[in-house]
Amino acid sequence: MSYNLSNLLYLVTIVTFILALRYLSNPAHARRGNQIGAIGMTLAIVVTWIKIGTTSWWAIALAMLIGGGFGAVAARRVKMTAMPQMVALFNGVGGGAAALIALAELHRILPEPGAPKVDISLAIVLSGLIGGISFAGSMIAFAKLQELIGGRPITYTGQQFVNGALFLLALGCGIALVAGVQVEWLLWVTIGSSLIFGVLFVLPIGGADMPVVISLLNAFTGLAVALGGFELENNLLIVAGMLVGASGTMLTLMMARAMNRSIPSIVAGGFGGVVTTGGGGGDDGDKTVRSTSASDAAVQMAYASQVVIVPGYGMAVAQAQHAVREMTKLLEAKGVEVKFAIHPVAGRMPGHMNVLLAEADVPYDQLKEMDDINGEFNRTDVSLVIGANDVTNPDARNKADSPIYGMPILNVDESRSVIVLKRSMSSGFAGIDNPLFYGENTAMLFGDAKASVNEITEELKAL
């Protein structure tokens with residue numbers, strides 16, 4: 001295949017990636033965006049395969065078979081509740097691949113006469129450094145989301161000093177390579193230090209920050225892949241990596257803005273870095289909650305003018321989205337206006353709730369973003385909170401010493417009545433108590449979210 005033809009086909013692939021991002025920005029067209037992106041990636045693989053000729057084709061085919069097989073099985077078997085973990089895992093694999101490419105390229109060019117070009121050496125060092133951080137950090141994010149390790153911040157004395165020393169070590173070795181010191185072990189030290197730094201970088205960050213951390217690490221991976229494109233002199237990798245890096249950066253900024261946090265404070269582990277109490281307790285004395293039944297909840301909602309449903313990770317865990325949709329249809333048949341309040345960081349990754357509700361065919365115009373719905377809670381008859389803890393916690397507004405103070409929340413406590421579906425009084429992913437549960441206008445319906453919604457639906461049918 002000629003150089004010009006391959007570049008032309010790569011250009012077609014780049015256009016498909018841009019179109020895919022454009023369609024993915026709207027839930028109504030997200031499926032089409034995925035399809036366009038898949039077509040573009042298939043074209044890129046075919047063109048690259050033809051360009052390399054017969055060089056190690058069997059090894060590449062075997063790697064593609066293993067990777068493609070794993071991806072296909074994972075995509076079909078992983079539940080929507082585990083999608084954040086899958087995103088973190090795949091993101092980490094991308095960063096790790098970029099670091100391995102850096103090692104391979106340095107190993108290839110060092111035996112050549114003369115010192116490597118500064119631009120190539122710089123790309124190798126940066127892709128190895130950033131890719132290593134992204135890989136290790138994503139693995140820790142995966143472990144936290146999978147609850148293999150605790151979601152609360154893990155801190156220790158001298159944490160910032162150790163992190164700084166590791167980063168300086170990696171940076172120093174990288175600078176030596178760029179300056180012309182032709183020793184391969186310098187890159188090994190750079191990547192090794194970056195891996196340890198990535199682990200220690202994510203450990204102190206609280207679980208409630210994971211959506212932001214995943215977006216940030218996604219931006220890192222995109223940048224590492226783009227740098228890999230400079231190493232391999234591949235325009236497609238450069239553009240694709242920059243698209244991922246730019247979109248990841250924009251999403252990170254949007255998530256941080258939605259939480260009223262700065263990126264430096266999140267990276268420093270400031271959010272969630274305070275030791276907090278679990279649910280059912282607190283420092284304000286004994287607290288009591290008011291329980292309700294599915295029958296009472298059904299009566300309240302059936303005679304309401306407006307009901308706002310607030311989905312959270314509890315809905316995802318129970319796979320209750322289809323039951324919620326059936327309940328919504330019954331309420332609408334009774335003349336009740338139903339809306340869904342979507343917090344930007346509800347669940348454990350950006351857009352988690354939107355994807356679940358779209359899967360259940362909830363109309364897109366019923367999904368209201370936080371800024372659009374918050375002004376309506378004071379005229380809402382019933383707010384039904386399904387497993388949303390931290391994003392409805394009034395302490396974010398009222399308690400200055402709370403770890404989530406300043407984070408914009410859904411103002412469900414302003415509703416005339418609040419019904420919370422939870423299994424127990426355990427705290428949310430941030431590990432803090434929620435005073436909403438003890439409010440005078442709040443009633444708790446304990447049990448599995450899907451079972452509780454189904455019971456409410458049956459009671460609605462009987463009314």
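The values are calculated or read from the model by the stated rules, or taken from the named source; none is laboratory data. The model shown is predicted, which means the values in this text are computed figures rather than measured ones. Neighbour counts are summed over all protein chains in view; Cβ atoms, including those assigned to glycine, are modelled from backbone coordinates with ideal geometry.
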So residue 168, is it crowded, with 24+ Cβ neighbours inside 10 Å, in a helix (DSSP H, G or I) and outside the structural domain of residue 408 (by TED's automatic domain parsing): no
Of everything in the stretch 48-103 that's surrounded by 13 or more Cβ atoms within 10 Å (Cβ to Cβ) and aromatic (Phe, Trp, Tyr), which residue is nearest to residue 119 (Cα to Cα)? 49
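Yes/no per residue for (1) surrounded by 18 or more Cβ atoms within 10 Å (Cβ to Cβ); (2) modelled with pLDDT of 90 or more:
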position: 183; (1), (2): no, no
position: 190; (1), (2): yes, yes
position: 193; (1), (2): yes, yes
position: 207; (1), (2): yes, no
position: 221; (1), (2): yes, yes
position: 224; (1), (2): yes, yes
position: 245; (1), (2): yes, yes
position: 251; (1), (2): yes, no
position: 254; (1), (2): no, no
How do the pairs read when you match residues in the stretch 6-30 that are within 22 Å of residue 355 (Cβ to Cβ) with residues anywhere that are surrounded by fewer than 16 Cβ atoms within 10 Å (Cβ to Cβ) and among the charged types (D, E, K, R), using Cβ under 6 Å and keeping only pairs 6 or more apart or on different chains? 23/32
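Report yes if residue 175 is out of contact with any helix residue (DSSP H, G or I) (no Cβ under 7 Å at 6 or more places or on another chain), closer than 20 Å to residue 106 by Cβ and not in a loop (DSSP other than H, G, I, E, B), otherwise no.
Numbers: out of contact with any helix residue (DSSP H, G or I) (no Cβ under 7 Å at 6 or more places or on another chain): yes; closer than 20 Å to residue 106 by Cβ: yes; not in a loop (DSSP other than H, G, I, E, B): yes.
Yes: the conditions hold for residue 175.
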The stretch 37-90, subset touching a residue at least 60 places away in the same chain (Cβ under 8 Å) and among the small types (Gly, Ala, Ser), residue farthest from residue 23 (Cα to Cα): 82
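Looking for whichever is closer than 26 Å to residue 79 by Cβ and buried (at least 18 other Cβ atoms within 10 Å of the Cβ) here; the options are 382, 420. Which one fits?
On the way: 382 fails: closer than 26 Å to residue 79 by Cβ.
Result: 420 is the single residue among 382, 420 that is closer than 26 Å to residue 79 by Cβ and buried (at least 18 other Cβ atoms within 10 Å of the Cβ).
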May I ask you to list pairs of residues, at least six apart or on different chains, whose Cβ atoms are under 8 Å apart, with the first in the stretch 353-370 being farther than 20 Å from residue 84 by Cβ and at pLDDT below 90 and the second being of a type in the set (Gly, Ala, Ser) and part of a helix (DSSP H, G or I)? 364/28; 364/358
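Determine whether the stretch 424-444 contains at least one residue that is polar (S, T, N, Q), at pLDDT below 90 and surrounded by fewer than 18 Cβ atoms within 10 Å (Cβ to Cβ).
Applying the first criterion (polar (S, T, N, Q)) to the stretch 424-444 yields 424, 426-427, 434, 441-442.
Among the residues that remain, those that are also at pLDDT below 90 are: 424, 426-427, 434.
Now narrow it down to the ones that are surrounded by fewer than 18 Cβ atoms within 10 Å (Cβ to Cβ): 424, 426.
Checking the stretch 424-444: at least one residue is polar (S, T, N, Q), at pLDDT below 90 and surrounded by fewer than 18 Cβ atoms within 10 Å (Cβ to Cβ).
For the stretch 399-406, does any single residue satisfy the condition of being acidic (Asp, Glu), surrounded by fewer than 20 Cβ atoms within 10 Å (Cβ to Cβ) and not in a helix (DSSP H, G or I)?
yes
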Could you identify the single residue in 162, 125 that is hydrophobic (A, V, I, L, M, F, W, C), assigned to a helix (DSSP H, G or I) and modelled with pLDDT under 90? 162
Could you count how many residues in the stretch 294-312 are surrounded by fewer than 23 Cβ atoms within 10 Å (Cβ to Cβ) and under 18 Å from residue 367 (Cα atoms)? 2
